[in-house]
Every structure is written in structure tokens, then in C-alpha cells.
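K.L.:
So that we are looking at the same thing, I have put the structure below in C-alpha cells.
Read the figures in this text as sums done on the coordinates, not as results from a lab. Note that the coordinates shown come from a computational prediction; the quantities given were computed from them, not determined experimentally. All Cβ positions, even for glycine, are placed from backbone atoms using ideal geometry, and neighbour counts span all protein chains on display.
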Amino acid sequence: MENSSNTSSAQNLLLTLNASYSKAILTDEGILIQSEHNICHSITEQSDSKEDTAGRSESSTSLISCIACLDDLENETSIENLIPMNTLIPYGRILNARYLNESKVPPNKFCADIRQPSSSSNISSRSSTKLMEEGQETNKELRTPFLSENENGEQIESFQLKNFDRNEYSIELSFVIPSGDDIVAKKINLSISYIPSMTTNKSVVEEIMLRSYKNVNRNRSILVIINPHGGKGKAKLLFEKKAKPILIASNCSLEIIHTKYSRHALDIAKDLDITKYDVIACASGDGIPYEVINGLYQRPDRADAFNKLTITQVPCGSGNAMSISCHWTDNPSHAALCLLKSVERRIDLMCCSQVSYMDDCPRLSFLSQTFGVIAESDINTEFIRWMGPIRFNLGVAYNVFQGKKYPCDIFVRYASKSKQELKDHYLKHKRRAELESERSNERVPNSRCKDPLEYTVTEGDFELKYPLRDGIPDDWERLNPEITENLNIFYTGKMPYISADTNFFPAALPSDGTFDLIITDVRTPITKITPILLSLDKGSHVLHPEVIHSKITAYKMIPKISDSIISVDGERFPVEPLQVEIMPKLCKTLLRNGCYVDSKFDKIC
Ligand SMILES: Nc1ncnc2c1ncn2[C@@H]1O[C@H](COP(=O)(O)OP(=O)(O)OP(=O)(O)O)[C@@H](O)[C@H]1O
């Protein structure tokens, strides 16, 4: 049996061990650092604070700062003890928490890190270390195991490495802090005061992880596809420097493939073992997600593939519309955090048919199709690629002011034809999506539950409603030929931002079953074109009476010239009749807070 003098000497040993740890508690918003240096100082502090059963403090801290504001921490390789007292590390910035190694536990018989399979679990027994002796067995908290999950999601009984008597746990916490425009991963050792809630009885690490990954599947198995040629050849470096350290610190499972030839990502997606991954993250521009989506589409088990896999982007290319719209950023480090923290949501895709490839397979588009000025501005300005994204805006302005026209015929199946109808549609669907999201958050209290908004794709979802060979259905409307003979911009899209400063489709919604059509014609005088182009960043160009803006479910565009360009998701397509229809909710992606970046359309419309 342990006697009291042994107890206090062992406690002293642990205090010495922990002297370099910051003391911390869990609050509703994050982990609050309560001391910078030594634990003895903190013990005095702790006696002034009140904690509820979940270890949340009601104490004390009048001036709490957030880790997100502490720029000066960035240069430290280890920030242990450098985080000032009363700093909050918000759960949204926490990547991982784990008990410190048993090797760090002093052989003082005070601490335990015991993990053993629960009797209800069928996992095979694993080695466990028990560092308690008879004396500690009388301690009720140490005797009572917590039910928690291991890395594989299996239930295990756990005891934590803890400081006997004071409910303190030695934890290594990984989190992100700002570093210039980026965020970077850091680690700190903490001694956390924690008493599990009577109702949930979660271990401290499990509680931290649940709060840090609320409603999100953590420990995602991620396949990263890097296009080494993307982003003017910088994609690999960008990913490795800015995104990879954050993903690794989160303890997710990561596999990386580099594309070796053009369209390699399509072949990778076609042949992939879909059981191995949850997420395909394209460290590239928009070209690789396009290829991955089409590779999955060409698989015999495509319904399973679109049910199993989530496609997302780490923005490392020159066109990063997917990340800007879905992760709300074109910065790879911020996108990496979103990749870990964002919820899975289904988005609609658009299915493109043209004679040239119909015998092979239609093509899926997640972003846009364009003919005329926009297509030429994107693809014909390759020679000024060194200018970065500005080259696109310059190209558009140059072509628009030249008054170049692109005659064609356009037939449309409208969802909301007039601007008033479009506004009503937008507000109704946005509100509905918000309500569903709120309900989903309420219904999904823990991270491993399935999203109730989840939709299961079946083979029927891939069937074309309007096959190309059937001709144009009667209920499609032909656009006024006076406009289409003088067409300047023809642009259809499904995501709001097409580049960091261009909010081209401000009314786009992820899964409303429609996509947006925007058309201008060359008869618009320069005095009116200029303010239209100047309002592309705010998205208010669609409000100008000279701009046609509708929500549609399908269209056919028949070009009357051949020396131009049709571009689908930034890829060059044959200049021949193009028929496109919506395919609702086909693709799973990651949306920050469950929605696209705020285009502010509800404020301007
Ligand atoms: N190893 C490779 N060699 C040549 N081309 C490749 C390779 N890997 C990928 N590609 C091609 O690069 C193209 C562009 O990819 P991505 O969108 O990632 O880059 P980006 O920087 O945005 O470029 P872009 O603006 O040209 O689309 C895709 O069509 C893809 O097939």
C-alpha cells in the first residue's frame, strides 16, 4: 500500500516533470492557457477558479486573448511556455490532442496510461501498461475507466495519464497559429485540469477532439493528388510547405501521388481502390478536380465511388475557384485547415454532351462552361501567364472593349427566368439550406454520425434526362436571336467565385438543382460595359439591365462560328453544339460551415 510520504514525493516528481508544461483548462470556446511557466504557480491560481463537471472554468480571466491574434509566436520552433497566460486556443484551430508518452511518466506509481479493449468490443487485445499499484486502485477515478474511441473508431476503455488527486492530464496539443498570411502547425505540452461530465464520461482527449471536430469526420483518410506543373510549377512546393505540415499534425492518414502526365488524375480516379480513402484532395488548380470527377464518372461502380469519396482542392494552381468558393480561401495553409474541419456536403454537377465524345462518355463539369469572350480571355492569354490571375481580367476587358461577337443559337430550360424570380429562388433555397444545416448540426452531436442531409447516389442519377440525340425538348425556350447573334459573353456556372477577385456567379448555390446563366451582347455601349466590368468583384454586374442573369436546369448552345473557344471548367472543348443539364447532388465536397463563401448576393439583389 502507498503511504502518504511516498505520495507526496511522487507528486513532487511529477511537478518537476510538469514544470515546463503550461497549465490549461477546457472552456466552451477553446483551451485556455492559465500559466506560462510552472505548475506550482498554477496550483495557487486554480484554487481561485470554479470548474463545472466538464472541466469548464467559470473563473477568473478578465483579459483573454485569442491565439489567432498572436502573430509574434510564429518564429518559435517550440512555443512551449511562450503562450501568454489567458490565451485561448479555439477548438477551430486545434488539430490533435494526445496523452504524452508513457516514457514521460515517472515511475512513481501515480500515473496510468492504460488502454484495453472494452469487453463489448471485438478488437484483439493489445499491450497495455499499468503503472498503478494496489494503493492507487482505491482511487475511484483511476479505477473507473472511460469509454473512448481509438484511431480506428473502436471503443476502448481508457485511463489517462493523470496527476493523481488534482485531475490533471498531461497532453500534447497540436494547433495552428498565424504566420504572415499563412497558418502554421505548432505543438505545446499542457497540463489540463479536467473532470469528465457525469453524463458523457468522455476522457479529456476525446472531449478535446469532439469539440475540435464538431460534426466532422475526423481521422479522414486522404489521398492527395499533386500536379507538379500546376501553379506555374509551384504546386508541389506550395503543398509541402504550407498544407502538408498541418495535415500531418492532425494525425489524419495521408497518401500522396504526383501526376506524371496530362490527364493522369483521370486515370488515377478511374483505377482507384475507393475503399482506401475518404477524401481526394487535389493540390492543383481546377484542372485536377475536373479530371478526378470525370475519372470517377467513368468507373463501372461510379455510384459507389461518388458515395464513398469526397473531392476537394488544396489551392496550388493558377485557377483555384473550387477552393475560393468552398474553403473561402485561395491560401493552401488555410485550405488545409478547412479540409480537416469542414463538413461534407453534396453539390450539383453539370453533364456536358457533344457529338465528338458522346460515343465515349459525356463529361461532368463542376464549375462552368463558357463560349466567347470569357473562354478566349482564359485560354488565349496563356502567353501572359506570368502575370498571375490579373491576366484573365485584362483579357476580358480587352475582348469586351473590342466588341468581338460570337454568334450562336441558345435554347434554355429555365428554373427562374427573370431577375425577380431568380432573387426569390435564391433567398428561398439559401434559407432552406441554412435551416437544414442547423437541423443537421442539432441531430449530429458527435463526429462519427452520418450527416442526415446525406444523399445516396444511385446509377439512375447518372441517366441523362435530355440525351443529345433526342433533339431539343419542346419546353426549352430559344433566346432572342437578336441577342445571340451579337453575343459577347456566354457563361454558365455553379460556384460563385471563378477567381479571387471575380464574383461572377453571386447567386450560385451548392445543391439547389440549378446553375446560373449570364449573357451580354456587343450592342451594350462602352459607357455601360465599363461599370459592369468594374463590378465583377462585388457580383453586382448581374444587376445591370444589360446583363441577362437566369437560373437554368439545362441548355443547348449551337455556335455559328468555328474559330473560337468553348471552355468547360477551364479545359478546352470542341467548338460544336454543346448540351448541358444539371445532375443534382452528385458530388461530395467539403464546404466551410456547410456553405459557399458569402457572395453577398442577398445584400445586393
Ligand atoms: N505531369 C504532368 N505533365 C503535364 N501536364 C500535366 C501533368 N499533370 C497534370 N497536368 C495537366 O495540367 C493541367 C492543369 O492543371 P491544374 O488545373 O492543376 O493547373 P493550373 O496551374 O491551374 O493550370 P491551368 O491554369 O493551366 O489550368 C491539367 O489539364 C492536367 O491534365
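K.L.:
How far is the Cα center of the range 196-213 from the Cα center of the range 332-352, in Å?
P.N.:
Value for the Cα centre distance between the two parts: 27 Å.
K.L.:
So how do 334-347, 200-213 stack up, highest first, on mean other-Cβ count within 10 Å?
P.N.:
Most protected by this proxy first, the peptides run 334-347, 200-213.
K.L.:
Using a ≥ b ≥ c from the Cα gyration tensor of the range 214-341 (square roots of the eigenvalues), is it rounded, prolate or oblate, where a/c under 1.5 gives rounded and otherwise the larger of a/b and b/c decides, a/b for prolate?
P.N.:
Cα axes put the range 214-341 in the oblate bin.
K.L.:
Scan around Q313 for amide H atoms under 5 Å from its own, H built in the peptide plane at 1.01 Å from N, and keep only partners 5 or more places away or cross-chain.
P.N.:
C282
K.L.:
For the range 473-550, what does the alpha-carbon gyration tensor say about shape, rounded, prolate or oblate, given a ≥ b ≥ c as the root eigenvalues, a/c under 1.5 as rounded, and a/b over b/c as prolate?
P.N.:
oblate
K.L.:
Give me the one-decimal nm value for the distance between modelled label points at E463 and S253, 7 Å along each residue's Cα-to-Cβ direction.
P.N.:
3.6 nm
K.L.:
While we're on this one: Show me 306-317, 352-363 ranked by packing, highest mean number of other Cβ atoms within 10 Å first.
P.N.:
Put in order of decreasing packing, that is 306-317, 352-363.
K.L.:
Over the range 226-312, calculate the relative contact order: mean separation of alpha carbon pairs under 8 Å at least 6 apart, over the residue count, as a percent.
P.N.:
Taking the mean separation of contacting Cα pairs over the length of the range 226-312, I get 33 percent.
K.L.:
Also: Per residue of the range 342-359, in order, report the coupling 6.51 cos²θ - 1.76 cosθ + 1.60 (Karplus, θ = phi - 60°) as ³J(HN,Hα) in whole Hz, putting x for Gly and Pro.
P.N.:
Each residue's phi maps through the Karplus curve to give 7, 8, 7, 9, 8, 10, 6, 10, 10, 10, 9, 10, 9, 4, 3, 10, 4, 5 Hz.
K.L.:
Give the long-range amide H neighbours of T329: residues separated by 5 or more places, or on another chain, with amide H under 5 Å away, using H modelled in the peptide plane at 1.01 Å from N.
P.N.:
I324
K.L.:
Show me, for the range 271-288, the HN-Hα J-couplings you get by feeding each phi into the Karplus relation (A = 6.51, B = -1.76, C = 1.60, θ = phi - 60°), rounded to Hz, glycine and proline as x.
P.N.:
Karplus values, whole Hz, x for Gly and Pro: 9, 4, 7, 5, 6, 7, 10, 9, 10, 10, 9, 8, 8, 5, x, 6, x, 6.
K.L.:
Sort 168-179, 555-566, 287-298, 523-534 by packing, meaning the average of other beta carbons within 10 Å per residue, with the highest value first.
P.N.:
287-298, 168-179, 555-566, 523-534
K.L.:
Further question: Starting from the Cα of L435, step 7 Å along the direction of its Cβ; do the same at L394; then give the gap between the two resulting points in nm.
P.N.:
4.9 nm
K.L.:
Skipping prolines and chain starts, which residues have an amide H placed within reach, meaning under 5 Å, of the one on G372, given they are 5 or more residues away or on another chain?
P.N.:
I565
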